[in-house]
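Student: One structure, as structure tokens, below. Some questions next.
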Amino acid sequence: MKRIHAFEFEDLQWFPKILRDFMTDFLQFGANIFDIYRSVIPTVKKGIQSSENNTIIDIASGGGGGWLKLTEHLKKDNQELKIILSDYYPNLKAFERTKSKMPDTFDFIDYPVNAMKVPPD
């Protein structure tokens, strides 16, 4: 099957921020309410264990995706887990809401982070 080169409108610079934030909020809601990332839990756990690090930096987080639900599962085995959210067009209100629900686990970068040119820090 030939690869289809697709894009997400909310990743385009001209796309209105209000619609971008609405879309990432909707994606976060759906991901958490339906627990759609549950199947990746063993892989994420394996990655955490092999890295010997309790911090996950999510680049291109959108509005935080399914991290709330995923974190509920992951924290059962790792109470020290820390997750840092970032995005080129960060949905700061969504990041703040996520952090407020689990302040000891979540943090975020409040400026744009380009996934194609990740800064060393």
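The values are calculated or read from the model by the stated rules, or taken from the named source; none is laboratory data. What you see is a predicted model, and the numbers here were worked out from it, not measured in a lab. Backbone-built Cβ (ideal geometry, glycine too); neighbour counts: all protein chains shown. Accessible surface is based on the protein model in full, side chains and every heavy atom, while ligands, DNA and RNA are left aside. Shrake-Rupley method; radii C 1.70, N 1.55, O 1.52, S 1.80 Å.
Student: Quick one: which residue in ASP21, ASP35 is out of contact with any strand residue (DSSP E or B) (no Cβ under 7 Å at 6 or more places or on another chain) and assigned to a helix (DSSP H, G or I)?
Tutor: Just one listed residue meets the conditions, ASP21.
Student: Kindly indicate whether ASN78 is of a type outside the set (A, V, I, L, M), touching a helix residue (DSSP H, G or I) at 6+ places or on another chain (Cβ under 7 Å) and at pLDDT 95 or above.
Tutor: Judged against the criteria, ASN78 is not a match.
Student: Say we look at the stretch 31-56 and pick out the residues that are of a type in the set (Ser, Thr, Tyr) and surrounded by 12 or more Cβ atoms within 10 Å (Cβ to Cβ); which of these is farthest from ASP104 (Cα to Cα)?
Tutor: Per the criteria, the residue is TYR37.
Student: Here is a follow-up. Please verify whether the stretch 100-109 includes one or more residues that are open to solvent by 30 Å² or more (accessible area, probe 1.4 Å) and in contact (Cβ under 8 Å) with a residue 60 or more places away in the chain.
Tutor: Looking for residues that are open to solvent by 30 Å² or more (accessible area, probe 1.4 Å) and in contact (Cβ under 8 Å) with a residue 60 or more places away in the chain, one finds none in the stretch 100-109, hence no.
Student: In the stretch 6-18, which residues are part of a helix (DSSP H, G or I) and over 21 Å from GLU96 (Cβ atoms)?
Tutor: PHE9, ASP11
Student: Can you name the residue in the stretch 57-99 that is among the β-branched types (Val, Ile, Thr) and more than 17 Å from THR24 (Cα to Cα) and, of all such residues, is most open to solvent (accessible area, probe 1.4 Å)?
Tutor: The extreme case among them is ILE57.
Student: Filtering the stretch 5-25 down to residues that are open to solvent by 100 Å² or more (accessible area, probe 1.4 Å) and modelled with pLDDT of 85 or more, which residue is nearest to GLY66 (Cα to Cα)?
Tutor: PHE22
Student: Please go through the stretch 62-91 and give me each residue that is in a helix (DSSP H, G or I) and out of contact with any Asp or Glu (no Cβ under 6 Å at 6 or more places or on another chain), ordered by number.
Tutor: TRP67, LEU68, LEU70, THR71, GLU72, HIS73, LEU74
Student: Restricting attention to the stretch 14-66, and to residues there that are within 12 Å of the chain's Cα centre (by Cα) and among the small types (Gly, Ala, Ser), which single residue is farthest from SER86 (Cα to Cα)?
Tutor: ALA31
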